[in-house]
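Visitor: Encoded as structure tokens, here's the structure I'll be asking about.
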Amino acid sequence: MKLLTINNIAKHIDIENITISVKKKKQKKPINYYNVPMSFDIETTSFMEKDEKVALMYHWQFAINENVITGRTWKDFQNLLEVLHILFNTNLNNRIVIYVHNLPFEFQFMKHYVSWSEDYLLGNNRDIYYITTETGIEFRDSLKLSGMSLAKTAENLQYHNIRKMKGDLDYKLFRSPVTPLTDEELQYCYNDVLIITAYIQEQLDQHNGNISDIPLTKTGEVRKYCRNYLFNQDKTKAKKYHDLISHLTISGVQEYKQLKRAFQGGFTHANWTKINYVHQNVASYDFTSSYPYVMLSEKFPMSTGRTIQPSTLDLFEKYMNSSYGCLVDVEFTDIEQKWDLEENILSISRCYNVEKSTENNGRVVFAKKLATTITNIDYQMLKKFYTWKHLNYKRFRIYTMDYLPTEFVKAILKLYKDKTELKGVEDKQVEYQVSKGMLNSCYGMSVTDIIKDLYTYNQITGEFDLEEPDYEKALKDYNKDKSRFLFYPWGVWITAYARRNLFTAILETGHDYCYSDTDSIKLENHEKYKPYFEAYNHEVEEKLKMAATYHNISFEDFKPKTIKGKEKLIGVWDFEGVYDEFKTLGAKRYFVRTGDEYELTCAGVSKKHGRDYLLSFKNPFDIFQDDLIIPPDKSGKLSHIYIDEAREGIITDYLGNDYEYVSPSGLYLEPAPYHLSISQQLWEYILTGGFQGGYSQEE
């Protein structure tokens, strides 16, 4: 590492030897990028002044390769950008890229100090993928690319030995641009940007030295991999794939919105009869790559949806159990769970026109009336968990179903093979993490929304304005996109199949079922269910053999070997072991002990901080209960409050130094307590033993 200053940066950067890559833009002039890793990061302090929350930047650090430049004010930062602009002769067609780990945070502080161009990409409100200055300096979010915290990103570096320092910068101390920093504190700052330049250098190495080829997100990486695999290897196969996809279109806005209504994610829930009790000897089973497995083994929509109207319920049932894929809006009257079951699979958030419902932590127990949108796979499971008096249906669409295209299947298998063979290999941890992330992203890219809300950045107000998307145009562009290799309905069925697979275990284990989360299940008396798990895994094997025969792929490719020579068949239930003690308080809330090891999973609180707080008590399982409050200094949780109005005043730092500040905008951070509470509705459901009976009996 070498420390530079803004004034001497030109003496130490050999621009002549920095290569340039080109990114072609549709109907626009290509953009040249300097292939050099750069990163930027800020340190901030948050405090109260006259009952107002204030957030202030007091130190920034910038790295180019292994060179670091620091500054204390936004004026210093503006000078840096001007020097970089002149040094690299940047403009909107000749750019440098500066990576920021969690760009929306830094942007909230610096947005009023920079003149921004109209070249940016926004996700949801305040969610920035990249944004470009008027002088051609492009800021990108490295967090979206790595998908990991800065510390984890450092741990997964392949050949750079640099780690995020911990505990060397006490954020509870008030600081300002005039607060002196110790050598240890400065090293903490340096490392934060050096980690990112090291990470980007390794990304450059993986992308032939071209920064223009580095995607914006992890999902973008697997998109690029699949696109290259499908289109750049065999021209004949590529044309065949293009021809197939060009015929897989969405007919209109109504079909698109219906598909969106039908899409659901994974299923995460706790058996209400097990909540708030400590259970002994609870086993855990996990699916091996649940989503990729169904992509390999099941059949998916391979046609544009065709609208029909079955004239009778018998014909409706016939279609729902046929070889077609069915998509339909349904309305149930007097729907209620089967009372010999202890789980409810229909999410109230996916329903509309609901009348007089009772819920179990967000899941429908019964309702006088409700409407929802489902696939035929969902319907088959609803029949196993619920009964109803009447069913009405409309907007019934059918799709011809078949396996996913062979070349796409081969691309997924290659990623699964890489992940399996690299796991546990000492010098291949980075490659393993990359392949694992890309395999998981195969599903993610399949369900990426094809029409998103449009946000624009208002340079004058500094705010993000929402614009209604043009659905018709967006769908037309989607259908005609020659680079497209996916079909949105595939993603809808992927999750439907995966939930069905999980539900088979819930149905089988009955009262012994404790908890499930997308691709895993926790249960008691697991030995009793060994025949189910063996039978399920045998069925997986048979399904994959059928798929292998269809695609003319060796079955061995579906069960690559680990470094220890063990075959890992994709899609099977894996036995993960038995917890000595297990306690759940609902979805994403459980605490376990295995021997002397404790583990906490609790949405909203740090696994480590939350666990350590519980272990500070003699009986941690007794503390893990409704109305648990973890104090701010123990939770590891920070509250984020956006400040969009200017603040000015005087701050006195922890050393007694005064500083007169002006802060046009910022993001206030403060340690926050964690309050774990079970909803009153769920408590009433539990305390009454589950409401036995429905409105049909009541009326």
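The values are calculated or read from the model by the stated rules, or taken from the named source; none is laboratory data. Quantities reported herein were computed from a predicted structural model and do not represent experimental measurements. So basically every Cβ, Gly included, is an ideal-geometry build from the backbone, and we count neighbours across all protein chains shown.
Visitor: So which residues in segment 506-554 are over 30 Å from the mean Cα position of the chain (by Cα), among the hydrophobic types (A, V, I, L, M, F, W, C) and surrounded by 14 or more Cβ atoms within 10 Å (Cβ to Cβ), if there are any at all?
Guide: Hits for segment 506-554 are A548, I553.
Visitor: How do the pairs read when you match residues in segment 577-595 that are closer than 15 Å to L615 by Cα and part of a loop (DSSP other than H, G, I, E, B) with residues anywhere that are among the charged types (D, E, K, R) and at pLDDT 95 or above, using Cβ under 9 Å and keeping only pairs 6 or more apart or on different chains?
Guide: G595/D580
Visitor: Could you run through segment 639-660 and say how many residues are under 18 Å from R72 (Cα atoms) and of a type in the set (A, V, I, L, M, F, W, C)?
Guide: Qualifying residue count, segment 639-660: 3.
Visitor: OK, next. Is it the case, given these coordinates, that M438 is part of a helix (DSSP H, G or I), of a type in the set (A, V, I, L, M), touching a helix residue (DSSP H, G or I) at 6+ places or on another chain (Cβ under 6 Å) and at pLDDT below 85?
Guide: Judged against the criteria, M438 is a match.
Visitor: Find the residue count for segment 60-115, including only residues that are out of contact with any helix residue (DSSP H, G or I) (no Cβ under 8 Å at 6 or more places or on another chain), among the polar types (S, T, N, Q) and in contact (Cβ under 8 Å) with a residue 24 or more places away in the chain.
Guide: 6
Visitor: Quick check, is A547 at pLDDT 95 or above and either out of contact with any Gly (no Cβ under 9 Å at 6 or more places or on another chain) or under 30 Å from L502 (Cβ atoms) (or both)?
Guide: Answer is yes for this residue.
Visitor: With respect to G444, is the statement that it is surrounded by fewer than 19 Cβ atoms within 10 Å (Cβ to Cβ), over 21 Å from A496 (Cβ atoms) and in contact with a Ser or Thr (Cβ under 7 Å, 6 or more places away or on another chain) true?
Guide: No; evaluated as a whole, the condition is false for this residue.
Visitor: Could you please find all residues in segment 301-332 being more than 24 Å from R350 (Cβ to Cβ) and aliphatic (A, V, I, L, M)?
Guide: M302, L315
Visitor: In segment 643-675, how many are touching a residue at least 40 places away in the same chain (Cβ under 8 Å), in contact with a Gly (Cβ under 8 Å, 6 or more places away or on another chain) and not aliphatic (A, V, I, L, M)?
Guide: Looking only at that region, the number is 6.
Visitor: If you don't mind, another one. Tell me, which helices (runs of 4 or more DSSP H) lie completely within segment 602-666 with 2 or more residues that are modelled with pLDDT of 90 or more and over 14 Å from L676 (Cβ atoms)?
Guide: Those helices (runs of 4 or more DSSP H) span 607-615.
Visitor: Follow-up. Can you tell which of A10, A63 is farther than 18 Å from G666 by Cα and part of a strand (DSSP E or B)?
Guide: Every option except A63 fails the conditions.
Visitor: May I pose another question? I'm told K172 meets every condition in (1) touching a helix residue (DSSP H, G or I) at 6+ places or on another chain (Cβ under 8 Å); (2) among the basic types (K, R); (3) part of a loop (DSSP other than H, G, I, E, B) except one. Can you identify the failing condition by its number?
Guide: With respect to (1) touching a helix residue (DSSP H, G or I) at 6+ places or on another chain (Cβ under 8 Å); (2) among the basic types (K, R); (3) part of a loop (DSSP other than H, G, I, E, B), K172 is out only on (1).
Visitor: Follow-up question, since we're still on this one. Quick check on segment 381-401: of everything there that is over 14 Å from E336 (Cα atoms) and of a type in the set (F, W, Y), which residue is surrounded by the fewest Cβ atoms within 10 Å (Cβ to Cβ)?
Guide: That would be Y393.
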